[in-house]
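Each remark here refers to the structure printed beneath this line.
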Amino acid sequence: MEAATTSTPSATTPTNGTVPDGAPAQGPRSYDAIIVGGGHNGLTTTAYLARAGLRVICLERRDVLGGACVTEELWPGARVSRASYVVSMLQPKIVADLRLADHGYRAIPLDPAYVSLTERGPIFFFNEVERTAASIAKYSRADAEAYPRFEELFARASAFVKPMMLRAAPALGSKAPGDLAALLREGARMAGFSKREIHELVRVFTMSVGDLLDDHFELDGLKGSTASSGVVGVWAGPRTPGTAYNLLHHALGECAGIEGAWGQVVGGMGAISQAIARSAQSAGAEILTGAEVASIDVRNGSAVGVTLADGTELRAPTVASGAHPKTTVLDLVGPESFPAEVAEDMRRYRTRGGSVKVNLLLSEPPRYEGVTEEEQRLMMTAGVNICPSIDYLERAWQDATRGEPAEHPYVEAELPSAVDSTLTDDDRWVMTMFTQYGPPNEEDWAEGDRERYGDACVEQLGRFAPNLPGAVLEREVLAPPDLERIFGLQGGSIFQGEQGLDQMAFMRPHPEMAQYATPVDGLYLCGAGTHPGGGVTGCSGHNAAHRIVADRKRARRPWRRRSA
């Protein structure tokens, strides 16, 4: 990628992004739109705006594109999905619109998606409900019978939520005809649900994942592994109200046309970001890496461009930020450019996370004990989940709330090398572990804690695959403070903010910014800190781009038409 150019900044330009009236012009480059942040959402906004004919530039602080959706060569000859690690929620519409397959995107669905390791034996979660129920039936006939009903409940809940992902959340309190129509539309959709179904929907949106699962199942291993998906990325335990929705949030995707499936991306997760970037560039977009934005510049209440850390000024009437919403509002723009109550609310926006990513390079794959040859084959490509009970998960959470890395963490291990041989140049194997919990504050990580936590994760899987500890050649442990330092995820929140009910939909990240536009004219948010929330979905980038295009049309601002 092209390196950021440099110019001499104006000595009168303050660092908070406010441009004084009468500041001397220095002929900065001008665009129709500037996108701050080259994560997958920022790139998605860039691509859609370029295809709509805008002259657009995307600025990425790091030397590699993708934000947390990235592949990096952590060790010579070994390429790793350093943060995000599997694909499911990337929207098929975006894949089709941006022709991502033509630009190198390819996902391989996993079946089974994951396997729960319990002391009684493995439970396999296949893409077919009947096969999963048969795996459960080896340990509980009642749970095997309950599982299809549980899946049907989530299928109905998904049918309600999915249509809202690729459009803005309703604007509460607005009298505008379009906003009122959107509210009526969402209300009318409820007519398709029975009273019983609405009752179940409300429970899914409000209950703890632990309580919900207790209502449906008896097997500790089944409940523990399923509950772990309800706390992925959140600063909450399985008994925290609202975590049942997080379980639903992670059930909204598909892979290769298979509903609810998860997959590995050939080339790692960064291949998604690279494909979006190539799509954007094919439509004429400019993308710069190594281009750290120091400020989003505002004059008379309107965004006018950005200033880079090296002093380069770029100008545009539209700026969309994929950076964390707190970073955007409080640091890049400055609270003085927002209504006082909005700035104060954003200071209180909760953004903590307990996720720890452990990346490994192995000399050989794990060899699981006590399983058949066929089960070993299935476990090579599936995510391997270690969370034996809800109480186990709750204890790990309680450790983190005391400011201690979990003594016995929840672990989900992926072996992408078993699916994608391009990740290493030789016969070594890449393994990634998504784990919880670790405290979000650096002061709670004493010297050696990261290595001890990494040891605990390897030991957990090593109880079932005794060869694993001796097979580890290299290891990286990314605690929540590392996720903030490297990827800009404040507090280690992988979703750019906690996904409690008070920080979702028309309240994400704030009621005044929930439709992507902000109180600063021409400034938009396009990252995961907006509706519909986190995950590698592309939704926020898609929705923000469509809002920008609609606003420009309403304002009758012409732009030069470019071939897409």
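Values for this structure:
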{"item": "Test: residue in segment 468-475 that is in contact (Cβ under 8 Å) with a residue 24 or more places away in the chain, on the phi < 0 side of the Ramachandran plot and surrounded by 23 or more Cβ atoms within 10 Å (Cβ to Cβ)", "result": "yes"}
{"item": "Scope segment 90-130; condition exposed (fewer than 15 other Cβ atoms within 10 Å of the Cβ) and either closer than 19 Å to A251 by Cβ or touching a Leu at 6+ places or on another chain (Cβ under 7 Å) (or both); matching residues", "result": "P92, K93, E128, E130"}
{"item": "First in segment 100-112 and closer than 24 Å to L378 by Cα, second anywhere and among the polar types (S, T, N, Q) and outside any helix (DSSP H, G or I), Cβ under 6 Å, 6 or more apart", "result": "I108/Q264; D111/N127"}
{"item": "Filter pass, W445 being within 17 Å of N359 (Cα to Cα), of a type in the set (F, W, Y) and more than 22 Å from the chain's Cα centre (by Cα)", "result": "no"}
{"item": "Residue tally, condition part of a helix (DSSP H, G or I) and among the small types (G, A, S), over segment 139-171", "result": "7"}
{"item": "Residue match in segment 183-204 (condition: in contact with a strand residue (DSSP E or B) (Cβ under 7 Å, 6 or more places away or on another chain) and either assigned to a helix (DSSP H, G or I) or under 14 Å from P163 (Cβ atoms) (or both))", "result": "no"}
{"item": "V536 being over 26 Å from Q398 (Cα atoms) and crowded, with 24+ Cβ neighbours inside 10 Å", "result": "yes"}
{"item": "P335, sole failed condition from (1) within 29 Å of Y437 (Cα to Cα); (2) surrounded by fewer than 19 Cβ atoms within 10 Å (Cβ to Cβ); (3) in contact with a helix residue (DSSP H, G or I) (Cβ under 6 Å, 6 or more places away or on another chain)", "result": "(1)"}
{"item": "Qualifying residue in segment 460-481 (condition: in a loop (DSSP other than H, G, I, E, B) and within 23 Å of V234 (Cα to Cα))", "result": "yes"}
{"item": "Sole residue being over 30 Å from R547 (Cα atoms) and within 23 Å of the chain's Cα centre (by Cα), chosen from S194, S158, S225", "result": "S225"}
{"item": "In segment 238-255, the residues that are in a loop (DSSP other than H, G, I, E, B) and under 19 Å from the mean Cα position of the chain (by Cα)", "result": "G242, H250, A251, L252, G253"}
{"item": "Cβ pairs under 7 Å, 6+ apart, first in segment 116-131 and within 16 Å of S229 (Cα to Cα), second assigned to a strand (DSSP E or B) and polar (S, T, N, Q)", "result": "S116/N385; L117/N385; I123/S116"}
{"item": "Of residues in segment 313-335 being charged (D, E, K, R) and assigned to a helix (DSSP H, G or I), the one farthest from the chain's Cα centre (by Cα)", "result": "D331"}
{"item": "Scope segment 255-269; condition surrounded by fewer than 24 Cβ atoms within 10 Å (Cβ to Cβ) and within 16 Å of T71 (Cα to Cα); matching residues", "result": "G263, V266, G267"}
{"item": "Selected residue (criterion: nearest to D482 (Cα to Cα)) from residues of segment 336-391 that are aliphatic (A, V, I, L, M), touching a residue at least 24 places away in the same chain (Cβ under 8 Å) and assigned to a helix (DSSP H, G or I)", "result": "M346"}
{"item": "Residue count, segment 537-547 (criterion: in contact with a helix residue (DSSP H, G or I) (Cβ under 6 Å, 6 or more places away or on another chain) and either at positive phi or among the hydrophobic types (A, V, I, L, M, F, W, C) (or both))", "result": "3"}
{"item": "Any hit, segment 279-286, residues being touching a Leu at 6+ places or on another chain (Cβ under 8 Å) and more than 25 Å from L314 (Cβ to Cβ)", "result": "no"}
{"item": "Some residue of segment 521-530 being under 24 Å from R203 (Cα atoms), surrounded by 24 or more Cβ atoms within 10 Å (Cβ to Cβ) and assigned by TED's automatic domain parsing to the domain that holds V329", "result": "yes"}
{"item": "Enumeration of residues in segment 205-219 that are in contact (Cβ under 8 Å) with a residue 24 or more places away in the chain and either β-branched (V, I, T) or in a loop (DSSP other than H, G, I, E, B) (or both)", "result": "T206, M207, S208, V209, H216, F217, E218, L219"}
{"item": "From the options A52, A33, A4, residue that is more than 30 Å from D425 (Cβ to Cβ) and either touching an Asp or Glu at 6+ places or on another chain (Cβ under 9 Å) or modelled with pLDDT under 95 (or both)", "result": "A4"}
{"item": "Any chance L222 is in contact (Cβ under 8 Å) with a residue 12 or more places away in the chain, aliphatic (A, V, I, L, M) and either buried (at least 23 other Cβ atoms within 10 Å of the Cβ) or not in a loop (DSSP other than H, G, I, E, B) (or both)", "result": "yes"}
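The values are calculated or read from the model by the stated rules, or taken from the named source; none is laboratory data. As the structure is a computational prediction, the values presented were derived from the model and not from experiment. When we count neighbours, we look across all protein chains shown, and the Cβ atoms used for this are built from the backbone with ideal geometry, even at glycine.
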